[in-house]
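**Q** Got a structure for you, written out below as C-alpha cells; questions coming shortly.
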Amino acid sequence: MLYNMYMLLVANWKMNFTATEALRNLKKFSKLEPTDTEIVIAAPQIALAQMAEAAAAEDCKIQIAAQNFDFHPNGARTGEVGIEQIIGLVDYALIGHSERRVYYNEHDKACAQKVAAALSTKIRPILCVGETALERERKQAELVVRAQVAAGLAGVASNRLGEVIVAYEPVWAISGFGGSKLCDPQDAAKMFEIIRDEVKVMFGAANAKRVKLLYGGSVDSDNVAAYARATKAEGFLVGGASLHLYSFRDILDKIELLR
C-alpha cells in the first residue's frame, strides 16, 4: 500500500486543553466525516490515555498522535514519557517539531533516534523540518532542511519509507514564534522539491515517492488551497487553526474539494 494515496490532516493542539477539555474536543472532532482524508490529533501527553480509550470505545475514526516522547524505552529519566509508555495509545508521533528544536534544543541526532524508535514500535513518525528566519536570511534554508532530512532519516530502512512522514514548517512563518509573514506557496513548493530530492539522494527515485510530505506554517482555511495546489502536499500540519472545530472543519472542507 502507498500511504500517499490519501490526505493527512494533523491537528497539533500543543500545550492547550486539560485532559477533560481534550476529551470533550475529541468527541466534537469525531463528528467530522472526511472522504479521502485521515484526521490525526496530536494531543497533550496528559490526555493521551483517555483519548485513546475513548476513541477505541466509540469506534472513532480519528487517529491519535503524541507531540513528543523519549526514545529510551524506560529508565531514570525524570519527567519524560518513554516510547514504550505510548505504545497502544497513539498511531503517530511528532518528531523534531520546531518548538522542540528551538525551545528544548532538540538536535538532529535525537530526532533520528526517535524516528528509529517509533518505527520499531509501529508508530508512524512525523519528522518536522524547517529553517528559522535567520537561516533563511543567510541563504541557508536549503542546507539546513537537507541536513535535517538526512539526519532524521539516516537510520530508516528503504522498505520502511512508506511509513515515514516529513512535515515542512518554515519556523519564521509559525504564529507561535510571532511569525507575521506567511511563506509564499511557491517558496514552499521549492522546499518540497528539495526535501524530495534529498530523500532521492539517500534512497533512490522510486523510494523517494513513498514518503508523504505535509506542509505546516500558520495553515488556515484561507491559504490551505493555495499551498495544496503549489506544493502538491499530501497533507497539512495545523496549529492554531486546529484548536477550534469550526476552523479545522473549514480547512478539511477546502482540501476535500481539491481531491
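**Q** What dipole magnitude, in Debye to the nearest 20, does the chain give about its Cα centre under +1 on Lys/Arg Cβ and -1 on Asp/Glu Cβ?
**A** Dipole magnitude for the chain comes out near 340 debye.
**Q** With θ set to phi - 60° and the Karplus curve 6.51 cos²θ - 1.76 cosθ + 1.60, what are the ³J(HN,Hα) couplings of segment 134-139 in order, to the nearest whole Hz, using x for Gly and Pro?
**A** 5, 5, 5, 4, 8, 6
**Q** Ok, one more. Please turn the phi angles of segment 240-253 into ³J(HN,Hα) values with the Karplus equation 6.51 cos²θ - 1.76 cosθ + 1.60 (θ = phi - 60°), one per residue in order, whole Hz, x for glycine and proline.
**A** In residue order, the calculated couplings are x, 6, 9, 7, 10, 4, 5, 6, 5, 5, 5, 5, 4, 4 Hz.
**Q** Taking amide H positions as placed 1.01 Å from N in the peptide plane, with prolines and chain starts having none, which residues 5 or more places from Ile41, or on another chain, fall under 5 Å of its amide H?
**A** So Ile41 has HN proximity to Ala11, Gln63, Ile64, Ala65.
**Q** While we're on this one: Across segment 10-24, in residue order, what do the Karplus-derived ³J(HN,Hα) couplings come to in whole Hz, using 6.51 cos²θ - 1.76 cosθ + 1.60 with θ = phi - 60° and x for Gly and Pro?
**A** Computed from phi, the couplings for segment 10-24 are 9, 9, 9, 7, 6, 8, 10, 6, 6, 4, 5, 5, 5, 5, 5 Hz.
**Q** Give the accessible surface of segment 71-160 per residue, rounded to a whole number of Å², with probe radius 1.4 Å and ligands, DNA and RNA excluded.
**A** That works out to 51 Å² per residue.
**Q** To the nearest 500 deg cm²/dmol, what mean residue ellipticity at 222 nm is calculated for the chain from DSSP H runs of n ≥ 4 alone, each contributing -39,500 (n - 2.57), summed and divided by the residues?
**A** My calculation for the chain gives -11500 deg cm²/dmol from helical runs alone.
**Q** So, with +1 on the Cβ of K and R and -1 on the Cβ of D and E, and no other charges, what is the size of the charge dipole of segment 1-65 about its Cα centre, to the nearest 20 debye?
**A** 220
**Q** While we're here: Quick one: which residues, 5+ away or cross-chain, put their amide H under 5 Å from the amide H of Lys212? H built at 1.01 Å from N.
**A** Those qualifying (amide H under 5 Å, at least 5 residues apart or on another chain) are Val164, Val166.
**Q** Continuing with the same structure: For labels at Tyr104 and Ala157 in the simple 7 Å Cα→Cβ model, what's the distance in nm?
**A** Result for the modelled spin labels: 2.9 nm.
**Q** While we're on this one: Mean 1/r over all different Cα pairs, inverted: what Kirkwood radius does the chain give, in Å?
**A** So the Kirkwood estimate lands at 18.3 Å.
**Q** So which residue, out of Glu234, Glu135, Glu169, gets the largest mean-square fluctuation from a GNM of the chain using Cα contacts under 10 Å as springs?
**A** Looking only at Glu234, Glu135, Glu169, the largest GNM fluctuation is found for Glu135.
**Q** If you roll a 1.4 Å probe over segment 119-259 with all protein chains in place, what percent of the accessible area is carbon or sulfur?
**A** With neighbouring chains kept in place, the figure for segment 119-259 is 51 percent.
The values are calculated or read from the model by the stated rules, or taken from the named source; none is laboratory data. Since the structure is predicted, the reported quantities are computational estimates derived from the model, not experimental observations. Quick reminder, even Gly has a Cβ in these numbers, built from the backbone with ideal geometry, and neighbours come from all protein chains shown. Keep in mind that these areas ignore ligands, DNA and RNA; they rest on the heavy atoms of the full protein, side chains included. Shrake-Rupley method; radii C 1.70, N 1.55, O 1.52, S 1.80 Å.
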